[in-house]
Protein chains: 2
Amino acid sequence: MATIKDIANKLGIAVSTVSKGLNGAPDISEDLRQLVLDTAVEMGYKTKRMRKENHKKLAILIENMDYENINDFGYDLILGFRQMAYRDNWQVDVIHVTDSMQEKEKYNTYMLKHGYTGAFCMGFALQDTWMKQISKTGIPTALLDNYVTLNQHVGYVGTDSYEGIGLAVKKLVKMGHKKIAFLNGSRNSWVSDQRQESYETALKDNKLTLDPALTAFGHYVADSAKYHVPGMLEAGATAILCGNDLIASGVYEVCKDKGLRIPEDISVVGFDDIPLASEIEPGLTTIRQDRLELGKCAYFTLNSLVHHVSISKTMLRPQFIERDSIGKVAK
Amino acid sequence: MATIKDIANKLGIAVSTVSKGLNGAPDISEDLRQLVLDTAVEMGYKTKRMRKENHKKLAILIENMDYENINDFGYDLILGFRQMAYRDNWQVDVIHVTDSMQEKEKYNTYMLKHGYTGAFCMGFALQDTWMKQISKTGIPTALLDNYVTLNQHVGYVGTDSYEGIGLAVKKLVKMGHKKIAFLNGSRNSWVSDQRQESYETALKDNKLTLDPALTAFGHYVADSAKYHVPGMLEAGATAILCGNDLIASGVYEVCKDKGLRIPEDISVVGFDDIPLASEIEPGLTTIRQDRLELGKCAYFTLNSLVHHVSISKTMLRPQFIERDSIGKVAK
């Protein structure tokens, strides 16, 4: 393992300066501190505190995702991850990541400073500063729904969107639907792009043509529906696939306001199967992601990366859960 | 069968320490216990308890692949799988599968009759009778290098061919090569198709045109080379990528017979990094698959499927191992 002296030699500065950089002393410049930390990461240096600590530490870094309530998408993911990590005696910290955190500090620096051996990142957007840095990081990192090429230290975990959306479209076509709309989640998201592609592929597989009026990106929240659903209905949609269950719950509201019955007048399909899906009326047909298992797979992937086993992808199959929100197309 | 003394000798530790490791005594470290167990598996040791117990059983079904010698492609795969399965107390049988077995009995019937809870299948060809049956099976099945859609009970394990072949082609192009040939393995193989696609994608990415005279399917054996390499050389190949290291060793022979020097006159790249790759002269540059870890991932996938967690894909990143068989293009 590298020593403080190695870092000092490499940078051509005094040992005392390196020590200041590592310990966050106020009397060196921010740029120099950053350089010391970056070099320390690169050389595999660990502070005394890091070596002394009883607990090896992993971080769950979350952005753009709710996780505190059992109804939230992230809840089971964190639970599954924690359950597995606990067995191997890891301490797991859950950290809500903001834009300003990402601006203030580099990903590697943040991880090193807080003594994290690796991270499971959930909900990151494509244009995030840390996502760009993660594509080149040497720190073991598992990404939910994000994929990075050619980096031995980073792995992807997710659910197969192609199979999920394929199953839903096939079922709707069988029920006579031809105008199947897709109200996607947010732009600038790797997984939204995947689902868009999956939707377009599924239409082609079922010999339906893509109508731009029947598809839109919104956000992964219920409110999205009111901006996009009226246009889709005008364009003749008889079924609406949604980027997640929250969006679907918003579609319910808009349709009810317009006096449309589900599924008699319009069919609705969600994605995820959060508890809400079986609680709303009528029960929401949806594409289930097993989030507890995804969390466990994320741990397996991250733990493998920590042990220099370069898993690039772990993918779960979705399940098509049929409830009461889809029916034969209205004549 | 190996004895406790054999294990002690191999590890250079006391018989009493081996015994502690095998029996889970608390006064040895977890790492040492694991090492003892892994070595016991590798040497085929069975404790008295294991010999007495009625074991839950998993099958490793192998076709078209050597595995008995440490130099064989399948050896480490089986070892990795066994090491993991042992910890969960599974009995693992390795079965060499033939065409006539597949004709005589259905896959499900075979598994049921022999009391296997699940199988890890290696080396199956696309047209195999059992492959067709596996696409619809309800029995937990992990496939090496084969992918089945929409079956919750079947998962894929493999190495990312795109990244591997991409790295090799990029490196060769950097060395000035423009006529890069690809001598693939057998037809009717999912993974051969993947590698062919990867090769064609990599050419496109590097703005090279595909010359049909520079690519051929052969078989995953050394002998393949003599049928295809002469034509590739005539067509002007300055580098030959191979479907595996055995094929590459055959390419060495053909080139040497023709008086061509490697790498001065022709560059050669293998796939897999079996021990042979570092033993032949000059050392073979190759795309490494971590077979021990692939075996462990196969176990993880199969064990998940057994517990109704539907993993569809576990993919490892390859590593580009540069030795002495590639060089700048001859002027």
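Checked against (1) over 22 Å from residue A:231 (Cβ atoms); (2) part of a helix (DSSP H, G or I); (3) of a type outside the set (A, V, I, L, M), residue A:196 passes all but condition (1). The residues of the range A:138-190 that are assigned to a strand (DSSP E or B) and small (Gly, Ala, Ser), listed by number, are A:142, A:155, A:158, A:181. All conditions but one from (1) modelled with pLDDT of 95 or more; (2) under 29 Å from residue B:119 (Cβ atoms); (3) away from chain A (no Cβ under 14 Å) apply to residue B:155; the one that does not is (3). Applying the condition of being among the aliphatic types (A, V, I, L, M) and under 21 Å from residue A:161 (Cα atoms) to the range A:123-151 and asking which residue is nearest to the other protein chains (Cβ to nearest Cβ) yields A:148.
Which of the numbered conditions does residue A:180 fail, given that it passes all the others? Conditions: (1) over 23 Å from residue A:268 (Cβ atoms); (2) in contact with a helix residue (DSSP H, G or I) (Cβ under 7 Å, 6 or more places away or on another chain). Of (1) over 23 Å from residue A:268 (Cβ atoms); (2) in contact with a helix residue (DSSP H, G or I) (Cβ under 7 Å, 6 or more places away or on another chain), only one is false for residue A:180: (1). Residue B:237: of a type outside the set (D, E, K, R) and out of contact with any His (no Cβ under 7 Å at 6 or more places or on another chain), yes or no? Judged against the criteria, residue B:237 is a match. Which residues, taken from the range A:276-317, are within 19 Å of the chain's Cα centre (by Cα) and within 18 Å of residue A:174 (Cβ to Cβ)? Within the range A:276-317, A:286, A:287 meet the criteria. Just one of the listed residues (A:188, A:184) is within 22 Å of residue A:250 (Cα to Cα), touching a residue at least 24 places away in the same chain (Cβ under 8 Å) and in contact with a Cys (Cβ under 9 Å, 6 or more places away or on another chain), and it is A:184.
Among the conditions (1) small (Gly, Ala, Ser); (2) at pLDDT 95 or above; (3) more than 30 Å from residue A:157 (Cβ to Cβ), residue B:295 misses just one, which is (3). Among the residues making up the range A:316-325, a single one is buried (at least 23 other Cβ atoms within 10 Å of the Cβ) and away from every other protein chain (no Cβ under 11 Å): A:325. Among the residues making up the range A:201-223, a single one is surrounded by 15 or more Cβ atoms within 10 Å (Cβ to Cβ) and charged (D, E, K, R): A:211.
All of (1) more than 14 Å from chain B (Cβ to nearest Cβ); (2) polar (S, T, N, Q); (3) surrounded by fewer than 17 Cβ atoms within 10 Å (Cβ to Cβ) hold for residue A:117 with one exception: (3).
Listed conditions (1) under 31 Å from the mean Cα position of the chain (by Cα); (2) not in a helix (DSSP H, G or I) are all met by residue A:25, apart from (1).
Criterion applied to A:266, A:247 was being away from chain B (no Cβ under 14 Å), in contact with a Cys (Cβ under 9 Å, 6 or more places away or on another chain) and touching a residue at least 24 places away in the same chain (Cβ under 8 Å), and the one residue passing it is A:266.
Any chance you could count how many residues in the range A:131-152 are of a type outside the set (A, V, I, L, M), within 20 Å of residue A:57 (Cβ to Cβ) and surrounded by fewer than 24 Cβ atoms within 10 Å (Cβ to Cβ)? Summing the residues that are of a type outside the set (A, V, I, L, M), within 20 Å of residue A:57 (Cβ to Cβ) and surrounded by fewer than 24 Cβ atoms within 10 Å (Cβ to Cβ) in the range A:131-152 gives 3.
The set of residues from the range B:164-176 being within 14 Å of chain A (Cβ to nearest Cβ) and surrounded by fewer than 21 Cβ atoms within 10 Å (Cβ to Cβ) comprises B:167, B:170, B:171. Is there a residue being within 24 Å of residue B:221 (Cα to Cα), in contact with a Ser or Thr (Cβ under 6 Å, 6 or more places away or on another chain) and either among the acidic types (Asp, Glu) or surrounded by 17 or more Cβ atoms within 10 Å (Cβ to Cβ) (or both) anywhere in the range B:70-88? No: zero hits. Counting only helices (runs of 4 or more DSSP H) that fall entirely inside the range A:86-136 and contain at least 1 residues that are closer than 19 Å to residue A:156 by Cβ and modelled with pLDDT of 95 or more, the qualifying elements are A:107-113, A:129-134. Here is the figure for the range B:306-315: residues that are surrounded by 24 or more Cβ atoms within 10 Å (Cβ to Cβ) and either among the hydrophobic types (A, V, I, L, M, F, W, C) or more than 10 Å from chain A (Cβ to nearest Cβ) (or both) total 1. Is it fair to say residue B:309 is under 30 Å from residue B:147 (Cα atoms) and without any contact (Cβ under 8 Å) to a residue 24 or more places away in the chain? Spelling it out, residue B:309 is indeed under 30 Å from residue B:147 (Cα atoms) and without any contact (Cβ under 8 Å) to a residue 24 or more places away in the chain. If I filter the range A:150-192 down to residues being among the polar types (S, T, N, Q) and within 17 Å of the chain's Cα centre (by Cα), which single residue comes out as farthest from residue A:303 (Cα to Cα)? Residue satisfying both the conditions and the ranking: A:184. Checking each residue in the range B:90-120 for being among the polar types (S, T, N, Q) and in contact (Cβ under 8 Å) with a residue 24 or more places away in the chain picks out B:91, B:98, B:102, B:108, B:117. Within the range A:234-261, if we keep just the residues that are more than 22 Å from residue A:189 (Cα to Cα), under 30 Å from the mean Cα position of the chain (by Cα) and of a type outside the set (Ser, Thr, Tyr), the residue that is surrounded by the most Cβ atoms within 10 Å (Cβ to Cβ) turns out to be A:239.
Only one entry in A:215, A:201 is within 25 Å of residue A:312 (Cβ to Cβ), more than 19 Å from the chain's Cα centre (by Cα) and of a type in the set (S, T, N, Q), namely A:201. Against the criterion of being under 23 Å from residue B:8 (Cα atoms), in contact (Cβ under 8 Å) with a residue 40 or more places away in the chain and in contact with a strand residue (DSSP E or B) (Cβ under 8 Å, 6 or more places away or on another chain), residue B:87 does not qualify.
Of all residues in the range B:282-305, exactly one satisfies the criterion of being small (Gly, Ala, Ser) and within 11 Å of chain A (Cβ to nearest Cβ), namely B:304.
The values are calculated or read from the model by the stated rules, or taken from the named source; none is laboratory data. These figures come from a predicted structure and were not determined experimentally. A quick note on method: Cβ atoms are made from the backbone with ideal geometry, for glycine too, and the neighbour counts reach across all protein chains shown.
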